1. Inspect the range B:216-223 for any residue being without any contact (Cβ under 8 Å) to a residue 60 or more places away in the chain, at the interface with chain A (Cβ under 9 Å from one of its Cβ atoms), surrounded by fewer than 16 Cβ atoms within 10 Å (Cβ to Cβ) and in a helix (DSSP H, G or I) and give the result as yes or no.
2. Of all residues in the range B:231-248 being in contact with a helix residue (DSSP H, G or I) (Cβ under 6 Å, 6 or more places away or on another chain) and assigned to a helix (DSSP H, G or I), which is farthest from the other protein chains (Cβ to nearest Cβ)?
3. Counting just the residues of the range A:93-119 that are out of contact with any strand residue (DSSP E or B) (no Cβ under 9 Å at 6 or more places or on another chain) and part of a helix (DSSP H, G or I), which one comes out most open to solvent (accessible area, probe 1.4 Å)?
4. Would you mind stating whether B:GLU289 is surrounded by fewer than 18 Cβ atoms within 10 Å (Cβ to Cβ), assigned to a helix (DSSP H, G or I), charged (D, E, K, R) and out of contact with any helix residue (DSSP H, G or I) (no Cβ under 6 Å at 6 or more places or on another chain)?
5. Out of all the residues in the range B:268-279, is one or more of a type in the set (Ser, Thr, Tyr), more than 18 Å from A:ASP109 (Cβ to Cβ), within 13 Å of chain A (Cβ to nearest Cβ) and within 53 Å of the chain's Cα centre (by Cα)?
6. Give me the helices (runs of 4 or more DSSP H) completely within the range A:1-84, filtered to those with at least 3 residues that are within 14 Å of another protein chain (Cβ to nearest Cβ), ordered by residue number.
7. Going residue by residue through the range B:249-258, is there one that turns out to be open to solvent by 30 Å² or more (accessible area, probe 1.4 Å), touching a residue at least 60 places away in the same chain (Cβ under 8 Å), within 29 Å of B:ASN338 (Cβ to Cβ) and more than 10 Å from every other protein chain (Cβ to nearest Cβ)?
8. Could you check how many residues of the range B:96-115 are open to solvent by 70 Å² or more (accessible area, probe 1.4 Å), closer than 19 Å to B:PRO132 by Cα and modelled with pLDDT of 70 or more?
Amino acid sequence: MKRILVVEDNEKNMYLISYILRNKGYEVIESRTGVEGVETAIKEKPDLVIMDIQLPDIDGLEATKRIREFEGNEDLPIIAVTSYAMVGDREKVFSAGCAGYIEKPIKPDTFLLEIEKYL
Amino acid sequence: MNNTLFDRQKILDTVLRMAQYMAGLTVQPDIWSEIGNVISTFFKLDLFAIGERGEDGSVMIHHSIFSDESSCEKILTEKVKEFTGEVLESGFLATEVIPTPYPCSLVFLPVIQENRTSAVLLVGHKTSKVLPKDLLNVYLAVARLVSTTITKLAAESSLQNEIVERKKAEEALQKAHDELEDKVAERTKELTQANIRLQEMDRLKSVFLTSMSHELRTPLNSIIGFTGIILQGMAGEINEEQRKQLTMVKNSGSHLLGLIDDVLDISNIEAGRVELSLEEFGLNDVVSEVVKALSPAASEKSLELLTEVPEGITLFTDRKRIKQMLMNLVSNAVKFTNQGSVKIAARVPGDDNLEIRVIDTGVGIKNEDMNKLFQPFQRIGMSLTKSYTEGTGIGLYLTKKLTDLLGGDILAKSIYSRGSELTFTIPLRYEYGNRNAKYS
């Protein structure tokens, strides 16, 4: 069973994403801040990380950088969840070390297809 | 009779010095008194007076030396008043000898100014003899000198007046000019401030729209996400009616999202905060996606959705924006067409540009509405469409902005009640610099 870490501060979004993933049979680990997300990623060694960009402490880009710096996480797929039309998001998420990005709002069918590409 | 007066050399000297002195006179209000002073200083006269003749015939006596003032003044006043303008051939007004109170020989001399006798000089000696001709000629010369001097000073005075007037006029002009400049400066300052306020308001509008759009999107994430979950059957079986109603919720949510995205796009484009995401892609794929997305809406109205796109057209530009433009044009065409078809036709007329036409058999656009077509918040032809047509009126405005952004152009043709044809042309390969100057 693949383990997926979801870093997301909005409860409804967290519920939505976790529900879709659990429904598909993935094990979901939940983190609600950037710092917590980094610690969990290092401790739990998930197979994939879904990272929201706007977070209360450090943002998703900074969290991604910190996870990447940690040994053994060089190839860990981190997928950013971005809001529409954020200026320069595309370039920023890739340069921070994200493998891909998914735009909000999340559509259950395409969301799962996107995730499966990285597992 | 004073002997020295007949000394020719001395008289000549006196006249010369007096002429020099008079030449040095400047414009002054009591010029007659001054002239009187000069004459009586240079000549040792027993009687002397100047009678100024006003234009109305009144007489004013200046600088009189009389031994018996009252009688001489009276004589002079009368002389001047009586004077009819006739000057004797010899140049005198009159010469006469009066007996009382003691014998005096008087000479009346005219001062001519612009063909008019403006004053009369009275020169007299205490003698009962008629004055010698030589002396009379000297006095005549003096009278002419006074005439010349007075004429010259009058001219100078009027010149000076003119200069003063002109200076006043110039000063008034300068003042008006300065005031105007001050006003212009003031207005410019007001306009600059108004402009700054407008810019600030424009910035606030953009900030407001951006943050508003983000806030509106957050609840939509849940609405679209969860209806999607239920529709997929993840949360359990649903019946057909529930599916139908939930699909309506989801479609309305997507529609609302589309509108919010349009508003956000426009605010970003207008604020110059747009980044293009360039990639290479096939036109056919994008057209297929658009057709797939809009087929349900077209079949609902029994419209044919046709494509005429040659195989193998590849583009290097912003795929998402091209799709957005096509979505806008085609969904508009579907919206305003009640029967017939909507066609997407593409071609590459030269080497560099792609031309896409969206042709419908819809309600068309009136000639007078053509110029409103690409303006924001204009909703044309609303009265013609039977049902309420959804939209904010920014779809075409946004499409125009996007075409500009990709370095292209958009045109509309229409026959009212027969159909419309919207054509956009964009470079096949986007290059920095071919973007509309406004955004570079």
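The values are calculated or read from the model by the stated rules, or taken from the named source; none is laboratory data. Since the model is a prediction, treat every value here as computed from it, not as a measurement. Here Cβ is always computed from backbone atoms with ideal geometry, including for glycine, and neighbour counts include all displayed protein chains. We work out accessible area using only protein heavy atoms, side chains counted, and drop any ligands, DNA or RNA first. Shrake-Rupley method; radii C 1.70, N 1.55, O 1.52, S 1.80 Å.
1. Yes.
2. Only one residue fits best here, namely B:LEU246.
3. A:LEU113
4. yes
5. The answer is yes; a qualifying residue exists.
6. Correct list: A:11-23.
7. The answer is yes, given that some residue of the range B:249-258 is open to solvent by 30 Å² or more (accessible area, probe 1.4 Å), touching a residue at least 60 places away in the same chain (Cβ under 8 Å), within 29 Å of B:ASN338 (Cβ to Cβ) and more than 10 Å from every other protein chain (Cβ to nearest Cβ).
8. Final tally of qualifying residues: 0.
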